[in-house]
1. Only one residue in B:Leu84, B:Leu58 is within 16 Å of ligand 2 (Cβ to nearest atom), within 14 Å of chain A (Cβ to nearest Cβ) and out of contact with any Ser or Thr (no Cβ under 8 Å at 6 or more places or on another chain). Which one?
2. Among (1) open to solvent by less than 90 Å² (accessible area, probe 1.4 Å); (2) outside the structural domain of A:Ser372 (by TED's automatic domain parsing); (3) without any contact (Cβ under 8 Å) to a residue 40 or more places away in the chain, which single condition is A:Ala287 missing?
3. Taking into account only those residues within the stretch B:64-87 that are under 17 Å from B:Arg29 (Cβ atoms) and within 18 Å of the chain's Cα centre (by Cα), which is nearest to ligand 1 (Cβ to nearest atom)?
4. From the set of residues in the stretch B:111-124 that are part of a helix (DSSP H, G or I) and closer than 17 Å to A:Arg324 by Cβ, which is farthest from the other protein chains (Cβ to nearest Cβ)?
5. Search the stretch B:180-209 for residues that are exposed (fewer than 14 other Cβ atoms within 10 Å of the Cβ) and pair each with any residue that is in a loop (DSSP other than H, G, I, E, B) when their beta-carbon atoms are under 7 Å apart and the residues are at least 6 apart or on different chains.
6. For the stretch A:311-328, which residues satisfy the criterion of being more than 7 Å from chain B (Cβ to nearest Cβ) and farther than 19 Å from B:Met120 by Cα?
7. Restricting to the stretch B:154-175, name every residue that is open to solvent by 10 Å² or more (accessible area, probe 1.4 Å), touching a helix residue (DSSP H, G or I) at 6+ places or on another chain (Cβ under 6 Å) and not acidic (Asp, Glu).
Amino acid sequence: MIFTSLFETAWHALVTHRMRSFLTMLGMVIGVAAVILMLAIGQGAQAMVRSSIESMGSNLFIIMSGATTSGGARVAGGMAPTLTFSDADAIRGLGDIVAAAPVSPGTAQLIYGGLNWNTSVYGTTPDYAVVRDWPMESGGFFSEADVRSGARVAVIGAVVGRELFGDEDPIGKIIRIRQAPFEVIGVLAAKGQSLDGRDQDDTVIVPITSAQQKIFSSSMRNRARLIMAQAVSDKRMDAAESGINELLRNRHRIGVGQDDDFTVRNLTALAETAASTTRIMSLLLGAIAAISLVVGGIGIMNIMLVSVTERTREIGIRMAIGARRRDVLWQFLIEALTLSLIGCAIGLGLGIGGAWLVGNLAGLPVAVTPASVLMAVGVSFLIGVFFGFYPARSAAGLDPIEALRAQ
Amino acid sequence: MATPGKPLIEVVDLEKDYPTGAGVFQALRGVSLSIATGEFVAIMGASGSGKSTFMNLLGCLDRPTRGSYHLDGIDVSRMSSDQLAALRNREIGFVFQGFNLLPKMTSLDNVALPLMYAGMGRQARRQQAQTVLERVGLGERSHHTPLQLSGGQQQRVAIARAMATRPRIIFADEPTGNLDSETSHQVMGLFSQLNRDEGITLVLVTHEADIAAYARRRIRFQDGRVVEDVPQKAVAA
Ligand SMILES: Nc1ncnc2c1ncn2[C@@H]1O[C@H](COP(=O)(O)OP(=O)(O)O)[C@@H](O)[C@H]1O
Ligand SMILES: [Mg+2]
């Protein structure tokens, strides 16, 4: 029997039992759509986490003022910061550290012309751009000299640039940060969302000295709530961490047995934890969806078994006029395969459409990858063969004369 | 074609047992006969005498419990189920009392079906099916499904299907059993023509004497045995 005849026969059977074919396919349709959608959401989340991690800066430590209890809560957060500018300089001097920037974070209202915009303000040093791997879109970052002199210069994030300036070139313009005038000298390249979901481009960065004198309360002169530091390589992260701990305990004269008045966090490690969490989440989503695919396959087997029983006489007639066992086997196998693959195609359409909707209406990050499409097609094929085989074999195993006697 | 001197069909001591609740039932109890190429044989007998059982064995749809069956000199009992399928496909046509057409298919597709199992391409088999349908006088009905045809027309489609692969033998088990008398004679006319013009060997089961009268030999079954086997003068078709 010719191969194309098998498809003709299968197609004919599916078309003459339209409703049943549709219901049988439904399981596959839903299964495949679920797999595609779940993988799209999972992989979208993974992609977002990955890009957030990349945008965070690599091999990054964040050193916070204040101790950490065994429970992880930071104490004395509200008191004057325990970290100093010279702590940052000393950390930068460590062999495993490339750059270290003291950071004084806060929020403030920006005004330019008739527009105002609330944003986060970071007072820091030029090392900040190094630590965060943050290139400029235009203009430049401020210098050590600007920090020393407390210059009123500001570098703005892409969102601030857009909100305050629109199409205008911000470089050289004067903005007011909590009433104090600052000259915009640079615009940062866009980075997107951070791991905690904040928009990293909604920010303004100024010399830490200027921030403390003109924007925040001046009580914390020469002190910083945070120091961000970058290690030379990911292999030196552990060595760098103990180096920082030892250095700061020395500088802060913390004796043996006394609690630290600072906390060192390995952000890269935290990020990896976040990444593996999303990976597990997307695996879980995929697994749940895969179960529905298997249920769809069992549905196909179910209907195919019913169909073999109902079509026993047809099978008998086909055998009487010359169908071999393998012709009958192929007929039902191809029928199951056609069902599962058409179901898969419709499911792909729905899944991709659903992912698009989720992405555009719900605003979740989604990513339909060729790998997940290939996987869905491959699995549907296997399901068609696997769950089609048993009914097909029972059809092929019928005795011609018994089959002809069936009603 | 047939080997000279050898009968096309030769059965010796053919027996068929059916397992039943109370032991086995012997539906055939030793049937021996031969049929030559080109014969037109009518098999008669009371209901339950084993005619259908015998036809199913001859048609290679079933296997005997004991005894031998040579078709064109070849021992059928040694054949695999695939070989039997090929034999049914190419050498044998079967016509049933209940037509046994596939209800969702057009006449053309029904007739083309054996050609599909013979490995013929779609275009070629549709062409040949159309030719055969014309041969049975249903060229105009090729796109009708069985439900859109009368009983006589359905049986003619079934005959066309049996003829499609140009087999040497056609077995027909009460082919007129579901037809009225006038249609029955039309169908029998067609059978006679096939036998006379195309040399197809015909074995046909019937209850009715006027149907059996088309054949040139009459075999009577009773309780699984042949009780009469006589030549007769065929009526003109
Ligand atoms: N599959 C079967 N199982 C058991 N008994 C059967 C079976 N088929 C036929 N028989 C019995 O065998 C006998 C012959 O049946 P059959 O060949 O169909 O007779 P006919 O065609 O001459 O009416 C009947 O008594 C019938 O009941
Ligand atoms: Mg009978």
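1. Values: B:Leu84 fails: within 16 Å of ligand 2 (Cβ to nearest atom).
Answer to the selection: B:Leu58.
2. (2) is the only condition that A:Ala287 fails.
3. Looking at the filtered set, the residue picked out is B:Pro64.
4. B:Leu115
5. The qualifying pairs are B:Gly189/B:Ala237; B:Gly199/B:Gly38.
6. Listed by number, the residues that qualify are A:Arg311, A:Thr312, A:Arg313, A:Ile315, A:Gly316.
7. Across the stretch B:154-175, the qualifying residues are B:Gln154, B:Met163, B:Thr165.
Table: residues versus (1) within 14 Å of chain A (Cβ to nearest Cβ); (2) within 16 Å of ligand 1 (Cβ to nearest atom); (3) in contact with a Pro (Cβ under 9 Å, 6 or more places away or on another chain).
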site: B:Gly152; (1), (2), (3): no, no, no
site: B:Val157; (1), (2), (3): yes, no, yes
site: B:Arg166; (1), (2), (3): yes, no, no
site: B:Asp180; (1), (2), (3): no, no, no
site: B:Phe191; (1), (2), (3): no, no, yes
site: B:Glu198; (1), (2), (3): no, no, no
site: B:Thr206; (1), (2), (3): no, yes, yes
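The values are calculated or read from the model by the stated rules, or taken from the named source; none is laboratory data. Note that the structure is predicted; figures quoted are calculated from it, not measured. In this analysis, Cβ positions are derived from the backbone assuming ideal geometry, glycine residues included, and neighbour counts consider all displayed protein chains. Accessible surface areas use protein heavy atoms only, side chains included; no ligands, DNA or RNA. Shrake-Rupley method; radii C 1.70, N 1.55, O 1.52, S 1.80 Å.
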